[in-house]
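The values are calculated or read from the model by the stated rules, or taken from the named source; none is laboratory data. What you see is a predicted model, and the numbers here were worked out from it, not measured in a lab. Cβ placement follows ideal geometry from the backbone for every residue including glycine, while neighbour counts extend to all protein chains displayed. Heavy atoms of the whole protein, side chains included, go into the accessibility calculation; ligands, DNA and RNA do not. Shrake-Rupley method; radii C 1.70, N 1.55, O 1.52, S 1.80 Å.
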Amino acid sequence: MGPRSRERRAGAVQNTNDSSALSKSSLAARGYVHDTFAALLVPGTARRAPLIHRGYYVRARAVRHCVRAFLERTCAAPGAPRGQVVSLGAGSDSLYFRLKSAGRLAGAAVWEVDFPDVARRKAERIRDMPKLRALTGPFQSGDPASPLCFESPDYRILGLDLRQLPQLDRALAAAGLDAASPTLLLAEAVLTYLEPDDAAALITWAARRFPNALFVVYEQMRPHDAFGQFMLQHFRQLNSPLHGLDRFPDLEAQRHRFLQAGWTACSAMDMNGFYRCLVPAEERGRMESLEPFDEFEEWHLKCAHYFILAASRGDALSQTLVFPSSDAFPRVDPAAPSGVFPAMVVTSDSQGPNLKRYGHTSVLLSSGIILSAGGFGEQEGRHCRISKFHLLSRYCDTEWKGNQICGWGTGAQWDGRLYHTMTRLSDTQVLVLGGRLSPVTPALGILQLHFCKNENNSTENLSVTVTKAGPEEDSTLSRWRHSTIEVSYENQKYLFVYGGRSVVEPVLSDWHFLHVGTMAWVRIPVEGEAPEGRHSHSACSWQGGALIAGGLGASEEPLSSVLFLKPISCGFLWESIVIQPPITPRYSHTAHVLNGKLLLVGGVWIHSSSIPGVTVIDLTTGLSSEYQIDTVCVPWPLMLHNHTSVLLPEEQQLLLLGGGGNCFSFGTYFNPHTVTLDLSSLSARR
């Protein structure tokens, strides 16, 4: 890399500091953390989305946990040597001011290092802010030719390039850093911006330079799955690519990296594990209630792709219990794969508009015609709630064509809802229940869609009429992320509506029966232990009842239970299906029954680092097996959450439609193509 390219790359990395500083300021402004200093250290303001707030919240909690563990270990004892905090790539972070105002620097001091321009800007900002100067006490501005930009009795800011280790070593020593004293080195989203050799040199230098130290790292991992690939693409587009993730893709590789570099102990957790184990339940509840939120998939995926690591040297700090044992956040890895389902693209841009959306619903209208409606996606060149219907029609044995159509009606129209359900009543009628317009606005009323073909019986000019099929004020359907499935009772058809969430309740546990013929809610006795509330689960019709699998439960915890609403003479009975080996808890998946087997397709899980494929459960024996999805012939990444799927049992195929999500600060991703899975190998194993 030439000098100019290196300078441009450094400038792009510095820009990530500005964005991060605004996010931290927004985080504090919304009450996620107590930080009155973040806004003083960055010019301007920005209101970030709740998903960004959550991501920065768990990052702030993780760093705070490690810093406090270090200070409590090194500075609590009388006569202990002064603790030292060295923040590498500190940017505009307010760590020093938060620690000082909380009285936690009585026996410690802070050194910050960042690019010279960043360090100088921060020093100038502090000099211009009386509230900040009041905490630093008397200070000196460094000589313009010196890397030392700001100096007070317990605070130094240095402008240095972390790739230039000899200069870094000399400047820190000249600024009063004592290599023999207990030292915390903090690298918060820093090492991945360095070339792998530069990062390795920094880690090794720190191990050799500080005999009694703790090195804390927060950064990205898991580059190979769909979310990881989209994350890498985002940073490449910012001209600040992430380095080293191929060499160190997971927690075990990161631990080994530090141990090989001379650190004597090392522990690490992904942010799902940290949040579940080290943020108290009461505090989690407080944070989760701060803003309306409905992006659980991206929240859990973001947390699965970032980690917090603490490596130590020296007897005193090696005994510091920074993270609990791995048993505190148990892994539930899927069984070894029993086979592979090949995936193929079945639509392309030349075959009509693609189904780029998520949070939608799809239903098989008739043989070879699939309707998808609602969701958030691409429409007329912009991202929005989708108002047009999408029809996928098969016009020969293997070819499919997409077509978008508008709906119209008297007194009703398609309102662009998400996370609703659709049930086929006939070849030309579909019932729509529930959904939302925003996390604080449920979609009201039951809608009925009626389809009319043209004289040629073609789907090219198909028209859709939207009508209301029930009272708008019906509070039963003020929910989304629920399930609706057809069941039978006394030779009558009913729609069983279960679970979901609402504006008031984050998780619903109730159920209701809608008589299809009269569109009236009826009471049917249900015996057995009621399952815990959930949303984003799957539901399938089976033997006149309903199979409910997985979902996101209370406290936003993925579930692994599979339940059968079994028909009995006086109504229904809840039964739990015992599965061996146990399956990984998941949600935002889809499900189908094929030849007595329950197929769970994709989804999101947080208790395993593997990529969800298809879990197959024999409903007679309860035995489970795992199948990987072979995506060699499919454009990558393929995100299997917030998608829909349609089973074609005669063809032994499963169509995957749409999917994706708002991927943290990396942008929004939509699966670009409809994909088919070949399930024929499953039938061959019967």
ask   = Which number in (1) open to solvent by 10 Å² or more (accessible area, probe 1.4 Å); (2) closer than 11 Å to Leu88 by Cβ marks the one condition that Leu202 misses?
value = (1)
ask   = Is there any pair linking a residue in the stretch 173-189 that is open to solvent by less than 40 Å² (accessible area, probe 1.4 Å) to one that is aromatic (Phe, Trp, Tyr) and not in a strand (DSSP E or B), with Cβ under 8 Å and at least six apart or on different chains, and which?
value = Ala179/Phe210; Pro182/Phe70; Thr183/Phe210; Leu184/Phe70; Leu185/Phe210
ask   = From Leu418, Leu425, Leu392, which residue is among the aliphatic types (A, V, I, L, M) and open to solvent by 30 Å² or more (accessible area, probe 1.4 Å)?
value = Leu425
key: Pair list, Cβ < 6 Å and 6+ apart or interchain, from the stretch 135-151 residues that are at negative phi and in a loop (DSSP other than H, G, I, E, B) to residues that are modelled with pLDDT of 90 or more and aliphatic (A, V, I, L, M)   = Gly142/Leu148; Pro147/Leu158; Pro147/Leu160; Pro147/Ala171
task = Within the stretch 354-372, track down each residue that is outside any strand (DSSP E or B) and within 16 Å of Ala591 (Cα to Cα).
result = Gly359, His360
request  = Just need a number here: residues in the stretch 112-151 that are under 15 Å from Lys100 (Cβ atoms), surrounded by 13 or more Cβ atoms within 10 Å (Cβ to Cβ) and more than 41 Å from the chain's Cα centre (by Cα).
outcome  = 1
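Would you confirm, using the coordinates I've provided, whether Arg385 is open to solvent by 60 Å² or more (accessible area, probe 1.4 Å), over 28 Å from Leu290 (Cα atoms) and either modelled with pLDDT of 90 or more or basic (Lys, Arg) (or both)?
no
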request  = Select from the stretch 486-514 the residues that are farther than 30 Å from Glu288 by Cα and open to solvent by 30 Å² or more (accessible area, probe 1.4 Å) and write down the one among them that is nearest to the chain's Cα centre (by Cα).
outcome  = Glu486
request  = Give me the pairs, please: first residue somewhere in the stretch 57-73 and closer than 16 Å to Ala187 by Cβ and touching a residue at least 40 places away in the same chain (Cβ under 8 Å), second residue anywhere and open to solvent by 40 Å² or more (accessible area, probe 1.4 Å) and in a helix (DSSP H, G or I), beta-carbon distance under 6 Å, and either six or more positions apart or on two chains.
outcome  = His65/Leu278
inquiry  = Cβ-Cβ under 8 Å, sequence separation 6+ or interchain: first residue in the stretch 28-49 and open to solvent by 20 Å² or more (accessible area, probe 1.4 Å), partner hydrophobic (A, V, I, L, M, F, W, C) and assigned to a loop (DSSP other than H, G, I, E, B). Which pairs?
reply    = Arg30/Leu290; Gly31/Leu290; Leu40/Met129
message = Can you find a residue that is over 29 Å from Ser367 (Cα atoms) and either crowded, with 19+ Cβ neighbours inside 10 Å or not aliphatic (A, V, I, L, M) (or both) anywhere in the stretch 637-647?
response = yes
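Okay, residues lined up against (1) crowded, with 18+ Cβ neighbours inside 10 Å; (2) in a loop (DSSP other than H, G, I, E, B):
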{"residue": "Phe564", "(1), (2)": "yes, no"}
{"residue": "Phe572", "(1), (2)": "yes, no"}
{"residue": "Pro582", "(1), (2)": "no, yes"}
{"residue": "Val593", "(1), (2)": "no, no"}
{"residue": "Leu598", "(1), (2)": "yes, no"}
{"residue": "Ser608", "(1), (2)": "no, yes"}
{"residue": "Thr615", "(1), (2)": "yes, no"}
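Regarding Asp250, is this residue touching a Lys or Arg at 6+ places or on another chain (Cβ under 9 Å) and closer than 27 Å to Trp480 by Cβ?
Here the answer is no, as Asp250 does not meet what is asked.
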message = Just to be sure before I move on: is Ser325 among the polar types (S, T, N, Q) and either crowded, with 19+ Cβ neighbours inside 10 Å or in contact with a strand residue (DSSP E or B) (Cβ under 6 Å, 6 or more places away or on another chain) (or both) in the structure I sent?
response = no
inquiry  = Please determine whether any residue of the stretch 468-485 is at pLDDT 90 or above and open to solvent by 50 Å² or more (accessible area, probe 1.4 Å).
reply    = no
inquiry  = Just checking, does the stretch 618-635 include any residue being more than 15 Å from Val601 (Cβ to Cβ), charged (D, E, K, R) and assigned to a strand (DSSP E or B)?
reply    = yes
task = For residues that are within 29 Å of Phe296 (Cβ to Cβ) and in a strand (DSSP E or B), tally how many sit in the stretch 642-686.
result = 17
task = Would you confirm whether any residue within the stretch 525-543 is within 13 Å of Arg481 (Cα to Cα), in contact with a His (Cβ under 7 Å, 6 or more places away or on another chain), part of a strand (DSSP E or B) and not hydroxyl-bearing (Ser, Thr, Tyr)?
result = yes
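Within the stretch 653-666, count every residue that is open to solvent by less than 30 Å² (accessible area, probe 1.4 Å) and either more than 19 Å from Ile369 (Cα to Cα) or without any contact (Cβ under 8 Å) to a residue 40 or more places away in the chain (or both). If you could, list the steps in order and put the result at the bottom.
Residues of the stretch 653-666 open to solvent by less than 30 Å² (accessible area, probe 1.4 Å): 654-661, 663-664, 666.
Next cut, either more than 19 Å from Ile369 (Cα to Cα) or without any contact (Cβ under 8 Å) to a residue 40 or more places away in the chain (or both) only: 659-661, 663-664, 666.
Residues flagged as open to solvent by less than 30 Å² (accessible area, probe 1.4 Å) and either more than 19 Å from Ile369 (Cα to Cα) or without any contact (Cβ under 8 Å) to a residue 40 or more places away in the chain (or both) within the stretch 653-666 amount to 6.
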request  = Within the stretch 335-349, identify whether any single residue is buried (at least 16 other Cβ atoms within 10 Å of the Cβ), more than 25 Å from the chain's Cα centre (by Cα), modelled with pLDDT under 95 and closer than 19 Å to Thr467 by Cα, and answer yes or no.
outcome  = no
message = I'm checking my understanding of the structure. Among residues of the stretch 250-264 that are open to solvent by less than 20 Å² (accessible area, probe 1.4 Å) and either acidic (Asp, Glu) or assigned to a helix (DSSP H, G or I) (or both), which one is farthest from Leu202 (Cα to Cα)?
response = Gln254
Candidates Ser536, Ser541, filtered to the one that is surrounded by fewer than 20 Cβ atoms within 10 Å (Cβ to Cβ), among the polar types (S, T, N, Q) and at pLDDT 95 or above = Ser541
message = So, in the stretch 91-111, how many residues would count as being open to solvent by less than 10 Å² (accessible area, probe 1.4 Å), in contact with a strand residue (DSSP E or B) (Cβ under 8 Å, 6 or more places away or on another chain) and not in a helix (DSSP H, G or I)?
response = 5
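So, in the stretch 265-321, exactly how many residues are aliphatic (A, V, I, L, M), in a helix (DSSP H, G or I) and crowded, with 21+ Cβ neighbours inside 10 Å? If you could, list the steps in order and put the result at the bottom.
Of all residues in the stretch 265-321, those aliphatic (A, V, I, L, M) come to 265, 268-269, 271, 278-279, 281, 287, 290, 301, 304, 308-311, 316-317, 321.
Next, from what is left, pick out any that are in a helix (DSSP H, G or I): 271, 278, 281, 287, 301, 304, 316-317.
Filter again for crowded, with 21+ Cβ neighbours inside 10 Å, leaving 271, 301, 304, 317.
Final tally of qualifying residues: 4.
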